[in-house]
Amino acid sequence: FSLLLTGAFVAWNVPAVQALMIPAALVGLGLAVWISFSKKIRPAAVMAYAVVQGIFIGTISSFFESQYEGIVMNAVIGTLTTAGAMFTAYSMGWIKVTARFTRVMTFALIGYAGFALVNIIVSLFTNAAGIYSTPFAWLAGLVGVGLAAFTLNLDFEDISQGAALGLPREYEWKAAFGLLVTMVWLYLEILRLLAIFNRD
């Protein structure tokens with residue numbers, strides 16, 4: 001998270017770095033796939049992912065802030081508040097990560113990924129934002145925020161089970177990576193939802 005914030009800070013304050021947003025997004029995606037499917041724990045790759053995602057986050061945040069003043073601070077507060085609420089609910093046992101919960105979340109995430117892909121394709125052909133340019137944009141944004149928020153519980157469970165099983169310390173890197181990915185996703189979904197409300 002420190003590396004993510006460092007990358008974001010640099011991108012936010014150095015306009016020249018903002019030109020790297022698309023390359024940073026593509027490199028981040030490649031690193032995420034590599035880390036996720038690699039049989040080895042790769043701390044250097046996790047750190048590199050955090051930095052390039054920071055550049056992406058800082059750049060896109062700067063863009064949204066130029067459109068809607070104050071939106072980034074509200075998105076940060078919303079992200080931290082939502083994550084805190086999810087952690088409280090998980091630690092208090094209000095949300096139990098059972099096999100059924102995991103299955104439901106898995107199918108929901110696959111469905112959302114399919115929806116996102118279709119929306120991107122539609123956007124490319126219509127030169128618009130797909131469903132996010134319709135009156136139902138807020139509903140799609142709310143679903144994205146909800147899915148990202150509840151995915152945090154899977155990360156919490158992964159960390160908890162890893163500790164309970166006494167996995168080697170190096171597995172902390174993979175757990176941290178999973179949590180970072182979800183937190184970035186949650187922030188972006190909240191940022192988009194706030195932009196939709198400001199736009200309307």
Out of the range 1-18, which residues are closer than 16 Å to S66 by Cα and not in a helix (DSSP H, G or I)? V14
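Taking V184, is it of a type outside the set (S, T, N, Q), open to solvent by 70 Å² or more (accessible area, probe 1.4 Å) and part of a helix (DSSP H, G or I)?
Values: of a type outside the set (S, T, N, Q): yes; open to solvent by 70 Å² or more (accessible area, probe 1.4 Å): no; part of a helix (DSSP H, G or I): yes.
So V184 does not fit the description; no.
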Counted residues, the range 132-141 - those being within 20 Å of the chain's Cα centre (by Cα) and open to solvent by less than 70 Å² (accessible area, probe 1.4 Å): 4
So the check is Cβ under 9 Å with 6+ separation or different chains; which pairs have a first residue in the range 22-47 that's among the polar types (S, T, N, Q) and a second one that's open to solvent by 40 Å² or more (accessible area, probe 1.4 Å) and part of a helix (DSSP H, G or I)? S36/K174; S36/V181
Among the residues of the range 109-128, is there at least one that is aliphatic (A, V, I, L, M), open to solvent by less than 50 Å² (accessible area, probe 1.4 Å), modelled with pLDDT of 95 or more and under 19 Å from V181 (Cβ atoms)? no
Does L179 satisfy the criteria of being of a type outside the set (F, W, Y), in contact (Cβ under 8 Å) with a residue 40 or more places away in the chain, open to solvent by less than 50 Å² (accessible area, probe 1.4 Å) and closer than 21 Å to L3 by Cβ? no
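Might you let me know whether the range 142-156 holds any residue that is of a type in the set (G, A, S), more than 22 Å from T82 (Cβ to Cβ) and either outside any loop (DSSP other than H, G, I, E, B) or open to solvent by less than 70 Å² (accessible area, probe 1.4 Å) (or both)?
no
The values are calculated or read from the model by the stated rules, or taken from the named source; none is laboratory data. For clarity, every value in this text was computed on a predicted model and none was experimentally measured. Methodologically, a virtual Cβ is constructed for each residue, glycine included, from the backbone with ideal geometry; neighbour enumeration extends over all protein chains shown. We work out accessible area using only protein heavy atoms, side chains counted, and drop any ligands, DNA or RNA first. Shrake-Rupley method; radii C 1.70, N 1.55, O 1.52, S 1.80 Å.
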